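The values are calculated or read from the model by the stated rules, or taken from the named source; none is laboratory data. Every value quoted in this text rests on a predicted model; they were computed, and no experiment measured them. Remember, those area values only see protein heavy atoms, side chains included, never the ligands or the DNA or RNA. Shrake-Rupley method; radii C 1.70, N 1.55, O 1.52, S 1.80 Å.
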Amino acid sequence: MAVRGKTGSAVSIHLTPWLLIVLFFICTAAKKEPCDTCRRLVNRFHEGLEKTSKQNFGGGNTAWEEKTLSKYESSEIRLVEIIENLCDSTDFECNVMVEEHEEQIEKWWFKMRNKYPDLLKWFCIGTIKVCCPSGTYGPDCLACLGGSEQPCHGNGFCNGDGTRGGSGTCSCKAEYTGPFCLDCADGYYNSERNDTHSVCSACHEACKTCHEATNKDCNECKDGWKEEDKNCVECDESCSGCTGEGPEKCTECSTGYALEEDKCTDINECESDEKICVRENVDCINIPGTYKCVCAEGFEEQDGHCVALTKTDEENITQQNVASDAAQESINIHEDL
């Protein structure tokens, strides 16, 4: 690649393949959709109309000026003031669009505005053809899936809607699925449905899929729920099978639980006649469904053995416990406040 230096002589610039790739992606990322640029331009034009709506020529004899120079509201002076503020200095695409199509903007202002008051429709859609009417897409402004009146049947978003690009396909909202966004995604069911209208409502929390709203209407239970008597129920941790919520609804107890007074109750393994923590200096601690063996007070775990703490170790642990208790007390006081 060669460019001209200040002296007019050719200067060679060698671009590596990697640099070319980087430049390509920078340019691609910076490029904006022409329709977005045109819509932004039109919005700024309307803002300019609003800002200049109560202005005049600014001279001393406004009546004479309007009679002689025509009214300010439809004047070239007002148009110039609006055009000067259509684009930010950093908005490259907007400035290029104004430069390329300033004559069309002037034509609309002086000749077409009364007949075609919608600048977006006349300029962006009909004249420079960078946008399409809402509900249509692509070079020929074809109707989106589901129809231009209600793209994706109101349950999704049409790819390229209102632009000269896109595919016209639907990206469905979370509740919906299918090419036309009429079907329900997992976790939802059709509470209303016909050929052109669909409303998907949330299933009961127990259901992965369903056909109605309750836990009796699940097609498939969600993970963590079980089907019992055609209902999806969330079993208590004490149950390996159940007919409802709570330990009294178990059909069978989980390991570590036993049926007592018609409900599954935790077995305290530490109270067993047979000692289950057999190492020296170890205490048994009961926890729901099981137990654990821990070193007794005054001992700590070292290489699989519970070793007596030295006096220094005990003092350090005591200081750590005091600091931990103080910190917890501070948290509790803060929460109370």
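Assuming 0.36 nm per residue, please report the length gained on full extension of the stretch Asn95 to Arg113 beyond their Cα-Cα distance. The partial results should precede the final answer.
Details: separation 18, 0.36 × 18 = 6.48 nm, distance 2.22 nm.
My answer for the length gained is 4.3 nm.
Per 0.36 nm of contour for each residue apart, how much would the distance between Glu33 and Glu84 grow if the chain were fully extended, relative to their Cα-Cα spacing?
Working: separation 51, 0.36 × 51 = 18.36 nm, distance 2.21 nm.
Once the chain is fully extended between Glu33 and Glu84, it gains 16.1 nm.
How much length would be gained if the chain were fully extended between Thr196 and Leu142, taking 0.36 nm per residue of separation minus their Cα-Cα distance, in nm to one decimal?
Extending this stretch completely gives an extra 17.6 nm.
I'm checking a number: the convex hull volume of the Cα atoms of the stretch 172-278, normalised per residue, in Å³. What is it?
Numbers: hull volume 12.0 nm³, N = 107.
Enclosed volume per residue, from the Cα hull, is 112 Å³.
Please report, as a whole percent, how much of the solvent-accessible surface of the stretch 192-319 comes from carbon and sulfur atoms (probe radius 1.4 Å). Kindly include the intermediate steps, with their values, before the conclusion.
Numbers: 3760 of 8750 Å².
Summing carbon and sulfur atoms, their accessible area is 43 percent of the total for the stretch 192-319.
Using just the C-alpha positions of the stretch 62-187 as equal point scatterers, what log10 of I(q)/I(0) does the Debye formula give at each q in 0.10, 0.21 1/Å?
The Debye formula, applied to the Cα set alone, gives -0.50, -1.10.
Report, in listed order, any pair from Lys51/Lys71; Lys173/Lys216; Lys216/Lys249; Lys226/Lys292 with a Cα-Cα distance greater than 19 Å. Could you put the intermediate results ahead of the total?
Values: Lys51/Lys71 16 Å; Lys173/Lys216 26 Å; Lys216/Lys249 17 Å; Lys226/Lys292 29 Å.
Violating the 19 Å Cα-Cα cut-off are Lys173/Lys216; Lys226/Lys292.
Percent of accessible area on the stretch 105-176 owned by carbon and sulfur, 1.4 Å probe?
Working: 1910 of 3770 Å².
After summing per-atom areas, the C and S share lands at 51 percent.
Need the list of aspartates and glutamates near Lys121 for cross-linking: C-alpha distance under 16 angstrom, and skip anything on the same chain fewer than eight residues off.
Asp36, Glu106, Asp140, Asp161
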